[in-house]
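Enquirer: Sharing a structure below in structure tokens format, with a few things to ask.
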Amino acid sequence: MWLLLAFTSAALLGFYDVFKKIALKDNSVVLVLTLNTFFGSLIFLPLVVLSATGHLSESSIFYVPVCGWEVHKYIILKSVIVLSSWLCGYYAMKNLPLTLVGPINATRPVMVLLGALLIFGERLNLYQWLGVSFAIVGYYLLRRSGKKEGIDFRHNRWIIFAVLGALLGAVSALYDKYLLAPEEAGGVGLNRMAVQSYFLFYQFFMMAVVYLKTCTGEISHSQEQVSAPVFPFVRVRDHGWALVFWPLMIALFLSAADFVYFYALSQPDALIAVVSMVRRGSVLVSFTVGALVFREKNPWSKALDLAFVILSMIFLYMGSI
């Protein structure tokens, strides 16, 4: 059951990346991320209210329990980790081809596996070591493909943002397992709906602060530095319905993907390394759209690079079942 949920989450994440790329094309990162967290909060707010007023039964999979500080302190930390990962990832997505960012993100399971090795005491078997090796080869080939487009992995700051975003995403995945695992298994045993709902609220509050700090600055379309306020309502005449539509689609698909993801992790026999690996299969959706719809450069060369990343994921899966 949890494996099927992981594959569903992967498909939703693939379209989430596509919508994110479209939304970031003509808008600032702060704008898109603020709207994303705002709409995400609105999606879960009715569930929190209905649960608190007793209109939603505790037996419902959508029930959100009322929690105290002992729970919220863990969720606030998760919000900081995830928002940091998103900020890095959004800046990378805005300034790099989707066919390059996707495979970099797809190496996240390797980071999760190594983290599980160090934190949870897991040991790598032969298949998993082969998976790590294929991921390293895939990353090297991605560097080669990037150079063809004038992107130097060692000196390009957006590549650094992409890698840092993937690394923080891996930290978040390990932390999720810790939060959702029962206490007898060494975790905190938090309710999955409480984690997903409240962390979205905290993220919106954090992005609201970022907005207030930057909305009077000078922000440009391409480098976040033009003389115009960042907040979307200032630009509503320029972008019309698209200004709201694409961030809303981002929030919808991400919320659905995370809901299925948290539900998978809440299963007693769920393996975080496998779930994280399957979720990175979202790269197949985003890569295909980037190559066929966005017409990005060197798709066949990058497809070979992606093949090694996919092989890495397959061997990680074989070594984890």
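The values are calculated or read from the model by the stated rules, or taken from the named source; none is laboratory data. Only a predicted model underlies this, so the values are computations on that prediction, with no experimental measurement involved. Backbone-built Cβ (ideal geometry, glycine too); neighbour counts: all protein chains shown. Side chains included, ligands, DNA and RNA excluded: accessible areas come from the protein's heavy atoms. Shrake-Rupley method; radii C 1.70, N 1.55, O 1.52, S 1.80 Å.
Enquirer: Calculate, for segment 1-90, the solvent-accessible area per residue in square angstrom, rolling a 1.4 angstrom probe over the heavy atoms of the protein chains.
Expert: Per-residue value: 43 Å².
Enquirer: Another question, if that's okay. Using label points projected 7 Å from each Cα along Cα→Cβ, tell me how many nm separate Leu117 and Ala307, to one decimal.
Expert: In this crude label model, Leu117 to Ala307 measures out at 2.6 nm.
Enquirer: Under 10 Å, Cα contacts only: if you run a Gaussian network model on the chain, which one of Leu13, Leu200, Leu56 comes out with the highest mean-square fluctuation?
Expert: Leu56
Enquirer: Right, something else. Sequence gap at least 6, Cα distance under 8 Å: using those rules, report the relative contact order of the chain to the nearest whole percent.
Expert: It comes to 40 percent, rounded to a whole number.
Enquirer: Working out 0.36 nm times the residue gap between Glu58 and Asn156, then minus their Cα-Cα distance, what length gain in nm do you get to one decimal?
Expert: Here the segment from Glu58 to Asn156 would lengthen by 30.3 nm.
Enquirer: Any chance you could check the Cα centroid distance between segment 148-188 and segment 244-299 for me, in angstrom?
Expert: Here the two parts' Cα centres lie 15 Å apart.
Enquirer: To continue, here is another question. Which value, in Å² rounded to 10, gives the accessible area of Trp86 with a 1.4 Å probe and all protein chains present?
Expert: The accessible area comes out at roughly 30 Å².
Enquirer: In nm, what is the difference between 0.36 nm times the number of residues separating Leu167 and Ile314 and their Cα-Cα distance?
Expert: Separation in residues times 0.36 nm, less the Cα-Cα distance, equals 50.9 nm.
Enquirer: Further question on the same structure: Between segment 52-127 and segment 191-210, what's the alpha-carbon centroid distance in Å?
Expert: Computed from Cα coordinates, the inter-centre distance equals 12 Å.
Enquirer: Moving on. Mind checking which of Ala10, Cys88, Leu118 is farthest towards the positive end of segment 1-132's charge dipole, using Cβ charges of +1 (Lys, Arg) and -1 (Asp, Glu) about the Cα centre?
Expert: Cys88
Enquirer: Suppose accessible area is computed on protein heavy atoms with a 1.4 Å probe; arrange Val278, Val244 from highest to lowest.
Expert: Putting Val278, Val244 in descending order of accessible area: Val244, Val278.
Enquirer: Could you work out [θ]222 nm for the chain from helices alone, using -39500 (n - 2.57) per DSSP H run of at least four and dividing by all its residues? Round to the nearest 500 deg cm²/dmol.
Expert: -24500 deg cm²/dmol
Enquirer: Report, in debye and to the nearest 20, how large the dipole of segment 247-321 comes out about its Cα centre when Lys and Arg carry +1 and Asp and Glu carry -1 on their Cβ.
Expert: It works out to roughly 240 debye.
Enquirer: Quote the charge dipole size of the chain about the Cα centre in Debye, to the nearest 20; the model charges only the Cβ of Lys and Arg (+1) and of Asp and Glu (-1).
Expert: So the magnitude is around 960 debye.
Enquirer: Ignoring any ligand, DNA or RNA, what whole percent of the accessible area of the chain comes from carbon and sulfur when the probe is 1.4 angstrom?
Expert: 67
Enquirer: How big is the charge dipole of segment 103-205 about its Cα centre, in debye rounded to the nearest 20, if each Lys and Arg gets +1 on its Cβ and each Asp and Glu gets -1 on its Cβ?
Expert: 560
Enquirer: Right, here's the next one. Checking the table Lys21/Lys302; Lys78/Lys213; Lys177/Lys297; Lys25/Lys177; Lys147/Lys177 against a 29 Å threshold on Cα-Cα, which pairs fail?
Expert: Lys177/Lys297; Lys25/Lys177; Lys147/Lys177
Enquirer: Still on this model: How do Leu87, Leu118 rank by accessible surface area computed with a 1.4 Å probe, from largest to smallest?
Expert: I get Leu118, Leu87, largest accessible area first.
Enquirer: Anything in the chain that counts as a DSSP H helix reaching 15 Å or more along its axis (C-alpha) with Kyte-Doolittle mean of at least 1.0? List them, would you?
Expert: What comes out of the filter, once short or polar helices are dropped, is 2-24, 29-52, 108-119, 157-180, 241-265, 299-318.
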